[in-house]
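See structure below.
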Amino acid sequence: METLDSTTTREDQWIDLVNSLGKDFAKRAPEYDASDTFVRENYEELKKHRFFSAMVPEALGGQGVSHTKMCEILRNLAHYDSSTALALSMHQHLLAANIWKYQHGKGGEAVLKKVADQQLILISTGARDWLESNGSMEKVEGGYLVSAEKHFASQASIGNILVTSAPFEDPEKGWQVLHFPVPMHAEGVKTLDNWYTMGMRGTGSHTVQLEKVFVPESAIVLSRPQGEYHTLWNVVLTVAMPLIMSVYVGIAERAVEVTLKNVAMKPHLPILLGEMHNELINAQVILKDMISLTNNFDFEPTDEIGQAILCRKTLAAKSAIHTVEKAMEAMGGRSFFRAFELERLFRDVHAGIFHPLPEKTQQQFTGEFLLRHT
């Protein structure tokens, strides 16, 4: 497969490690998918090799892997198991937001050091929370009692810290959204057994239920007006979407590889393969552009860059899906059987449309942005 970037030999060793571990990941993938179970064994291997602190700067105890290289790691990991790659991207994008803060003198050191020291796994709930967030917060002495149901919490069965938010009606500022971490072992935190889905079954993206969970005042890392777009998103989206979409481009690459190895000659096959190839190139080029916008954390969190990333996310997701669809069309009826890998790749790649923002929401959001800035 085409390499999207070239970096140091030291960083390339991570790709060698992915290719080594990936052989076993690929063998386990059908069973995780069939049984709707989390990729626990794969995660144990990733933790053993310190993938969870790979991007943490060396000065803070990590391995100093660049954002660009982590995108390549995730893309290559998806060649072996989509769910493992996507679950890992959920941790990595939270880590990346803190790395951006650290590199721009805005904090983040404590989280990064803790992850590096303990190989902690971070769980995101931002996809469904977006501008409004959900749940309730009751002010009590020293903090808040939070109740909410947070969906799509990948790695929930094994993660350590839930990075989430909830709305709070401030008596002076009005409705705000407060952002905070919650230890998964905290009293009142429960993981619901409800991740039974069409695809990405091994990510363990169960709902996490919070029932009057105490969050100390000191844990609040951000307060923003509810329903309004905040600069925070320009950071999170810009670091997160290239990492996440790397997984879906990796799925598309794997679908092409499987197809070219197994396809049989039939009428119109060259045309179908040409269409498939064009879609893959489109996905790869868009991903490369997203990665360049992030520029290894060297960017300013402007509204323009946030919008640029959102548009490219939509386009990359669509091209990845179209690549796998063309692969199945070229392969024919065999691709419809669950015993054949393409069927699982087809289901997994469609999860790409649900990451922020879904296409129509993104188009509305972008259109309104254009009207405001014309």
Of every hundred units of 1.4 Å-probe accessible area on segment 39-171, the number belonging to carbon and sulfur atoms, as a percent, is 46
Taking the convex hull of the alpha-carbon atoms of the chain and averaging its shadow over every direction gives an area in square nanometres of 19.0
Among Val263, Pro242, Leu310, whose Cα sits farthest toward the positive end of the charge dipole of segment 188-312 (+1 at Cβ of Lys/Arg, -1 at Cβ of Asp/Glu, about the Cα centre)?
-> Val263
Taking the Cα-to-Cβ direction at Ile271 and at Thr374 and moving 7 Å from each Cα, how far apart do the two end points lie in nm?
-> 3.8
Pairs Lys114/Lys313; Lys139/Lys313; Lys47/Lys113: which exceed 26 Å Cα-Cα?
-> Lys114/Lys313; Lys139/Lys313
Would you calculate, for the chain, the mean residue ellipticity at 222 nm contributed by helices, counting each DSSP H stretch of 4 or more residues as -39,500 (n - 2.57) and dividing by all residues, to the nearest 500?
-> -17500 deg cm²/dmol
About its Cα centre, how strong a charge dipole does segment 1-103 have in debye, to the nearest 20, once Lys and Arg get +1 and Asp and Glu get -1 at the Cβ?
-> 300
Could you work out the relative contact order of the chain, using alpha carbon pairs under 8 angstrom and six or more residues apart, expressed as a whole percent?
-> 17
Given charges at beta-carbon only (K, R positive; D, E negative), |dipole| of the chain in Debye = 580
Could you give the length gained on full extension between Asp12 and Glu44, defined as 0.36 nm per residue of separation minus the Cα-Cα distance, in nm?
-> 9.4 nm
For His277, what accessible area in Å² do you get when you roll a 1.4 Å probe over the heavy atoms of the protein chains, rounding to the nearest 10?
-> 90
extent check for segment 126-214: Cα max minus min per principal axis, descending, whole Å, gives 45, 26, 16
Rounded to whole Å and ordered largest first, report the semi-axes of the equivalent ellipsoid of segment 236-275 derived from its Cα gyration tensor (root of 5λ).
-> 31, 10, 4
Under 5 Å from the placed amide H of Met184, counting only residues 5+ away or on other chains, we find Ile161, Leu162
Go through segment 94-103 residue by residue and turn each phi into a ³J(HN,Hα) via Karplus (6.51, -1.76, 1.60, θ = phi - 60°); whole Hz please, and just put x for glycine and proline.
-> 5, 4, 4, 4, 6, 5, 4, 4, 4, 5
Using amide H atoms built 1.01 Å from N in the peptide plane, name the residues 5+ places from Val65, or on other chains, whose amide H lies under 5 Å from its own.
-> Met55, Val56
Can you run phi through the Karplus equation (6.51, -1.76, 1.60; θ = phi - 60°) for segment 185-200 and list ³J(HN,Hα) in whole Hz, with x for Gly and Pro?
-> 8, 5, 4, x, 9, 9, 9, 7, 8, 9, 8, 10, 10, 5, x, 6
Interchain or long-range residues, amide H under 5 Å from Thr191's placed H | Gln209
Longest DSSP-loop-exposure-free segment, GluC sites (Glu not before Pro), the chain, at most 14 other Cβ within 10 Å = 229-374
Between the modelled labels at Lys190 and Leu145 (7 Å from Cα along Cα→Cβ) the distance in nm is 1.6
Within straight cross-link reach of Lys101, meaning Cα distance under 20 Å, which aspartates and glutamates are found once same-chain residues fewer than 8 apart are removed?
-> Glu58, Glu109, Asp117, Asp298, Glu300, Asp303, Glu304
P(r) histogram, all alpha-carbon pairs of segment 325-374 included - 5 Å bins from 0, percent | 4, 18, 18, 12, 11, 11, 9, 8, 6, 3, 0
Each residue of segment 237-246 in turn: what ³J(HN,Hα) in whole Hz from Karplus with 6.51, -1.76, 1.60 and θ = phi - 60°, glycine and Pro shown as x?
-> 4, 5, 7, 7, 4, x, 5, 5, 6, 4
Which of the aspartates and glutamates could a cross-linker bridge to Lys326, judged by Cα under 13 Å and excluding same-chain residues fewer than eight apart?
-> Glu253, Glu257, Glu275, Glu279, Glu343
Segment 1-154: Kirkwood hydrodynamic radius (Cα pairs, Å) comes out at 17.1
All-pairs Cα distance distribution in segment 87-135, expressed in whole percent, bin size 5 Å = 5, 19, 24, 22, 18, 9, 2
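The values are calculated or read from the model by the stated rules, or taken from the named source; none is laboratory data. Since the structure is predicted, the reported quantities are computational estimates derived from the model, not experimental observations. Because the Cβ atoms are built from the backbone with ideal geometry, glycine has one as well, and the counts that use them run over all protein chains shown. Quick note on the areas: whole protein, heavy atoms, side chains included, nothing else; ligands and nucleic acids left out. Shrake-Rupley method; radii C 1.70, N 1.55, O 1.52, S 1.80 Å.
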